[in-house]
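Have a look at the structure below, then the notes.
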């Protein structure tokens, strides 16, 4: 089993909503397109789908939170610069 290939494939699935949709529609075809071995494809067919869905939702939530925190950080830095400029006048 080529663990690195399988891990990269799963990483893409967790990160890409489009890849998740394609995988749900035809998991075996997507696994083969990714270059997974027959053994790896077989293991994916036996996977815990409820766990997969939960992991996908968890990663999506974390990405959204990171985006939110990044925006908040930018706003704080911008406000800080504006405040400094106003105090210098």
Kindly evaluate residue 87 against the criterion of being exposed (fewer than 10 other Cβ atoms within 10 Å of the Cβ) and either closer than 18 Å to residue 15 by Cβ or out of contact with any strand residue (DSSP E or B) (no Cβ under 8 Å at 6 or more places or on another chain) (or both). yes
When the range 34-51 is examined, which residues are found to be in a helix (DSSP H, G or I) and either touching a residue at least 24 places away in the same chain (Cβ under 8 Å) or surrounded by 12 or more Cβ atoms within 10 Å (Cβ to Cβ) (or both)? 39, 40, 41, 42, 43, 44
Of the conditions (1) assigned to a helix (DSSP H, G or I); (2) modelled with pLDDT under 90, the single one that residue 54 does not satisfy is (2)
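The values are calculated or read from the model by the stated rules, or taken from the named source; none is laboratory data. Predicted, not measured: the structure shown is a model, and the values here were computed from it. Here the Cβ is made from the backbone with ideal geometry for all residues, glycine too, and neighbour counts use every protein chain on show.
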